[in-house]
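Student: One structure follows; several queries about it will come next.
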Amino acid sequence: MPQLAFDPVRSPRIQLLVNGTPAPGCYAASVETTAHMQAARWTAEVAVGPGMSASDWSALPAPSTVEIRGSLDGNSWTSLVTGDIDDLHLDLENGVVSLSGRDLSARFLDTKTSNAWPNQTSSQIATYLAGLRGLQANVIPTSTPVGQYYQLEHSRVTAGSFSKFSNEWELLCYLAREENYVVSVSGQTL
């Protein structure tokens, strides 16, 4: 009778980093990737303990950034999402911290655009906004000034109550489409 060969059993693991520092005790996490023009959402459950006490959790500065990583072998970790904490609930009775948030594209979604961009290219605008929101920029250089997208060099990308774009993410998506590119946030890079 032939012998069957089985792969070793894999047990998935979660690692939670808060502001770049491992937070022990994470026992559950989920990441929900959403449609275009929305931020991915994440949640995490962490047991309060000696690694991070209740007072450590309550003293976190705002904003605090979380990275959720996964591993099948406990040695090599893959980043699943990086985002700011939107909500932190400390349940002292059960010794649990519940965290939730969105990926870092939320920084652009939550910021209204109020600038006109005369004589700027799409890549210059994207690089500037990434720096403004604390992200690295991995942007392909473009050469067409934004004003040339519009007839008679009339800039529709302006501030005010009649602005075409309600937030920076809509502006970035529009500029990417005009240049035949796609905009996204991966980790801490636009």
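The values are calculated or read from the model by the stated rules, or taken from the named source; none is laboratory data. Keep in mind that what you see is a predicted model, and the values were worked out from it rather than measured. Cβ: placed from backbone, ideal geometry, glycine included. Neighbour counts: every protein chain shown. Accessible surface is based on the protein model in full, side chains and every heavy atom, while ligands, DNA and RNA are left aside. Shrake-Rupley method; radii C 1.70, N 1.55, O 1.52, S 1.80 Å.
Student: Going through the range 82-134 one residue at a time, which ones are under 21 Å from Glu179 (Cα atoms) and in a strand (DSSP E or B)?
Tutor: Thr121
Student: Still on this structure, please answer the following. Evaluate the following for Asp73: is it at pLDDT 90 or above and open to solvent by 40 Å² or more (accessible area, probe 1.4 Å)?
Tutor: On the way: at pLDDT 90 or above: no; open to solvent by 40 Å² or more (accessible area, probe 1.4 Å): yes.
No: the conditions fail for Asp73.
Student: Is the range 64-71 home to any residue that is more than 30 Å from Ala176 (Cβ to Cβ), in contact (Cβ under 8 Å) with a residue 12 or more places away in the chain and not in a helix (DSSP H, G or I)?
Tutor: yes
Student: Tell me which residues, restricted to the range 156-190, are at pLDDT below 90, assigned to a loop (DSSP other than H, G, I, E, B), in contact with a helix residue (DSSP H, G or I) (Cβ under 7 Å, 6 or more places away or on another chain) and not aliphatic (A, V, I, L, M).
Tutor: Passing the criteria: only Phe165.
Student: Still on this structure: May I ask you to list the residues in the range 18-55 that are open to solvent by 70 Å² or more (accessible area, probe 1.4 Å) and not in a loop (DSSP other than H, G, I, E, B)?
Tutor: Of everything in the range 18-55, those that are open to solvent by 70 Å² or more (accessible area, probe 1.4 Å) and not in a loop (DSSP other than H, G, I, E, B) turn out to be Thr21, Pro22, Tyr27, Glu32, Arg41, Ser55.
Student: Could you please let me know if Leu92 is at pLDDT 95 or above, aliphatic (A, V, I, L, M) and closer than 30 Å to Leu17 by Cβ?
Tutor: No: the conditions fail for Leu92.
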